[in-house]
Amino acid sequence: MEIIISEKIRTACPDLALGVIECEVVNPPTSDELWAEIEAECEHVAATCRLEDVNKRPEIQATRRAYKALGKDPNRYRPSAEALCRRAVKGMSLYRLSTLVDVINLVSMRSGFSIGGFDADKIQGERLELGVGEAGELFEGIGRGPLNIEGLPVYRDAVGGIGTPTSDNERTKITGTTTRLLMIINAYSGKTGLDEAIDLATDLLKRYAHAVIVAQQK
């Protein structure tokens with residue numbers, strides 16, 4: 001999958017680096033072993049971070065800066081990594097969804113990067129472009145309904161938007177029948193920590209989703 005970064009994003013987010021994993025997978029219900037790893041990470045986040053400091057994690061802070069540079073209020077539309085960590089700090093359990101989604105959430109919490117996860121078979125065309133959401137642009141956030149993506153970084157395929165750091169789109173969402181995964185790790189803070197996040201994601205996908213890695217880019 002070719003990914004093109006628009007000039008507007010490059011100008012507003014000069015440190016942006018991407019980690020991209022394409023793989024063949026299975027997506028069973030989350031195992032008790034994986035869920036134990038997630039609960040341990042939630043406990044670690046809660047023990048080491050105060051609620052008011054979540055948005056000061058360098059990776060989350062950089063994503064928030066990107067939102068502001070593009071004209072979006074990150075307090076109204078929180079990056080997904082921030083939302084997950086805030087939930088953990090508040091002592092609220094994450095939703096147990098599916099192996100692939102829960103792996104992505106675990107990597108996001110541990111790394112601080114907001115991560116897009118897509119059913120690759122539902123993506124239209126052979127490339128994605130990372131641009132900026134426009135006023136009135138239609139976008140159905142997963143479990144959120146219509147989402148105002150004006151000013152948000154957004155990946156678009158040949159049909160339209162499929163993912164932002166706040167929410168991905170219902171059209172390309174991961175389900176129990178997903179067999180090809182496209183995972184994009186958005187490092188607005190730069191390359192620091194990105195290799196570790198990719199390695200963690202690859203390890204978890206192989207252990208829990210029987211992933212066969214097709215392509216990996218840093």
Note to self: Under the 0.36 nm per residue contour assumption, what length would be gained going from the current alpha-carbon distance of Leu200 and Gln217 to full extension?
What the structure shows: 4.7 nm
Checklist line | Integer Hz, Karplus 6.51/-1.76/1.60 couplings in order for region 52-66, x for Gly and Pro | finding: 6, 9, 4, 6, 9, 4, x, 5, 6, 4, 5, 5, 5, 4, 4
Check: How large is ³J(HN,Hα), in whole Hz, for each residue of region 68-77 in order, when computed from phi with the Karplus curve 6.51 cos²θ - 1.76 cosθ + 1.60 and θ = phi - 60°, using x for Gly and Pro?
Finding: 4, 5, 9, x, 10, 7, x, 7, 8, 10
Checklist line | Qualifying lysines (Cα of each under 19 Å from Cα of Lys173; at least 8 residues distant if same chain) | finding: Lys122
Notebook entry, point to check: With charges set only on the Cβ (+1 for Lys and Arg, -1 for Asp and Glu), what does the dipole of region 128-204 come to about its Cα centre, in debye to the nearest 20?
Noted result: 160 debye
Next item on the list: Taking the Cβ of Ile38 as the centre, find all other residues whose Cβ is under 12 Å away and add up their charges (Lys, Arg: +1; Asp, Glu: -1).
Entry: -4
Notebook entry, point to check: In whole angstrom, and with the biggest value first, how far do the Cα coordinates of region 1-71 range along each principal axis?
Noted result: 44, 38, 17
Next item on the list: Quickly work out the Val26-to-Cys49 label distance, labels modelled 7 Å from Cα along the C-beta direction, and quote it in nm with one decimal.
Entry: 3.3 nm
Check: Under 5 Å between amide H atoms, partner at least 5 residues away or on a different chain: which partners does Ile3 have, H built in plane at 1.01 Å?
Finding: Leu128
Note to self: Taking all protein chains in place and a 1.4 Å probe, what share, in percent, of the accessible surface of the chain do carbon and sulfur account for?
What the structure shows: 48 percent
Check: Considering every pair of different Cα atoms, what Kirkwood radius, in Å, is found for region 119-218?
Finding: 14.8 Å
Item checked: lysines whose Cα lies under 18 Å from that of Lys72, excluding same-chain neighbours fewer than 8 positions away -> Lys8, Lys56
Note to self: What number do you get for region 76-173 when its Cα radius of gyration is normalised by 2.2 N^0.38 Å, N = residues?
What the structure shows: 1.07
Checklist line | Over region 1-156: Kirkwood hydrodynamic radius from C-alpha pairwise inverse distances, Å | finding: 16.8 Å
Notebook entry, point to check: If Lys and Arg each add +1 and Asp and Glu each add -1, what is the summed charge of the other residues whose beta carbon sits under 9 Å from the beta carbon of Arg127?
Noted result: -4
Next item on the list: Report the residue, chosen from Asn148, Asn169, Asn105, that carries the largest GNM mean-square fluctuation when the chain is represented by alpha-carbon nodes joined by springs under 10 Å.
Entry: Asn148
Check: Taking a probe of 1.4 Å, how large is the accessible area per residue of the chain, in Å²?
Finding: 46 Å²
Next item on the list: Express as a percent, rounded to the nearest 5, the fraction of DSSP beta bridges in the chain (both residues included) that run antiparallel.
Entry: 90 percent
Checklist line | Simple Cβ-charge dipole of the chain, Lys/Arg +1 and Asp/Glu -1, about Cα centre, in debye nearest 20 | finding: 660 debye
Margin query: Net charge within 9 Å of Gly112 by Cβ-Cβ distance, Lys/Arg positive one each and Asp/Glu negative one each, not counting Gly112 itself?
Written below: 0
Check: Which aspartates and glutamates have a Cα lying under 14 Å from the Cα of Lys68, excluding residues fewer than 8 positions away in the same chain?
Finding: Glu150
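The values are calculated or read from the model by the stated rules, or taken from the named source; none is laboratory data. Worth saying up front: this structure is predicted, and the values here are computed from it rather than measured. Backbone-built Cβ (ideal geometry, glycine too); neighbour counts: all protein chains shown. What goes into the accessible areas is simple: the full protein's heavy atoms, side chains included, and nothing from ligands, DNA or RNA. Shrake-Rupley method; radii C 1.70, N 1.55, O 1.52, S 1.80 Å.
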